[in-house]
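One structure below.
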Amino acid sequence: MGGDNAPEIVLAGLEMTAIRHPDIRILLIGDEKVLNASLANYPKLSGICTVRHAPESIPMEMKPTAALRVRGSSMRVAMEAVASGEARGVVSAGNSGAMLALAKIIVKALPGISRPAMAAVQPSARGDVVMLDLGANIVCDARNLVEFAIMGEAFAQAALSLKAPSIGLLNVGSEELKGDERLKQAAERLRDSVLSDRFHGFVEGHDITAGVTDVVVTDGFTGNVALKTGEGALKLAFGLLRSVFMSSWLTRIGYLLVRPGLRRMKEWIDPSRYNGAVFVGLNGIVVKSHGGADAEGFASAVDVAVDAVENRLNDKIRHRLDQLGMLGQSGESREQE
């Protein structure tokens, strides 16, 4: 029931999912009357889904603390299905803050993970890149960044099918002497760990789009700013191109000549293709779709969830935590060290 155009966009996206993944089953949670009235328009989805009634939904503007008190919300019912093992993952285009709060309380973090992070795939000159955290944790310490590196490596293996993804720490420079103490400490720990052969070192902002590493690790404040700056830069670039090509009859002719290439470029960096951020580090798969995503975008978010389940994302994270001696440590005890 979440998102700018719910539930129609969600149902249309899941119709695509039913074609792409005919063997999976969907637990569709929300207002039963509304959902059943629309399902007749989506015959493929109707064949793989079960509707579960949830009388309430969480508005996009509701604060996370208030959302925790809405006992009958579709988002809470979905999280409870994952926590009980009835469902392997949840995908929602609803309120991000409420989603993270409910996931932490109901699904809970993996043992050894103190703070789940938001991870997503971004385009680069060398191919796709995993970036985290994108806004779940504004302030982080060195231990959090090491955890993010572990989770980022596992997510790159699951989402990008990379056997040995390289990892970079986002910094103000690539030199070892630059950055604050938490970055230096995190880098030192990674160099001395089983991830040493994967750890590239420090990377800068322009290295993200250059694809210098397969995984870029940072705190949620910096990651969110970098993400939205990149999105804004793309909008600016396409807006300027449109203005240039429409400025005269000669440039319009030029546009006709380069239009096929521009279409391929637009498809390559299409936001719908990259929709679906995963809250990694939870005891279940939780994927956040952009609230303004279209049907194709929502289907892409479900693809991310399917890949995470089928490629055993959480098992990979547990394995690394065990290698680093972190699996038995609770998030609370780690925070107090």
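The values are calculated or read from the model by the stated rules, or taken from the named source; none is laboratory data. What you see is a predicted model; the values in this text were computed from it and never measured. When we count neighbours, we look across all protein chains shown, and the Cβ atoms used for this are built from the backbone with ideal geometry, even at glycine.
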Enumerated helices (runs of 4 or more DSSP H) restricted to segment 1-108, each holding at least 1 residues that are touching a Cys at 6+ places or on another chain (Cβ under 9 Å):
8-20, 32-39
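If a residue must be surrounded by fewer than 22 Cβ atoms within 10 Å (Cβ to Cβ) and either modelled with pLDDT under 95 or of a type in the set (A, V, I, L, M) (or both), how many such residues does segment 166-181 contain?
Going through segment 166-181 one residue at a time, the tally reaches 10.
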Please list, ordered by first then second residue, the pairs with beta carbon atoms under 8 Å, 6 or more apart or interchain, first in segment 285-297 and under 20 Å from Ala158 (Cβ atoms), second among the aromatic types (Phe, Trp, Tyr) and surrounded by 22 or more Cβ atoms within 10 Å (Cβ to Cβ).
Val286/Phe279; Val287/Phe279; Lys288/Phe279; Ser289/Phe298
Condition first: surrounded by fewer than 19 Cβ atoms within 10 Å (Cβ to Cβ) and among the β-branched types (Val, Ile, Thr). Can you find one or more residues in segment 103-125 that meet it?
yes
Pro43 vs. criteria surrounded by fewer than 17 Cβ atoms within 10 Å (Cβ to Cβ) and under 30 Å from Glu147 (Cα atoms):
no
For segment 292-305, which positions are touching a Ser or Thr at 6+ places or on another chain (Cβ under 8 Å) and surrounded by fewer than 19 Cβ atoms within 10 Å (Cβ to Cβ)?
Asp294, Glu296
In segment 49-65, how many are surrounded by 14 or more Cβ atoms within 10 Å (Cβ to Cβ), of a type in the set (Val, Ile, Thr) and over 21 Å from the mean Cα position of the chain (by Cα)?
1
Taking Gly89 and the conditions (1) free of Cβ contacts under 8 Å to residues at least 40 places away in the same chain; (2) within 21 Å of the chain's Cα centre (by Cα); (3) within 17 Å of Ile105 (Cα to Cα); (4) surrounded by 20 or more Cβ atoms within 10 Å (Cβ to Cβ), which numbered condition does it fall short on, given that it satisfies the others?
(1)
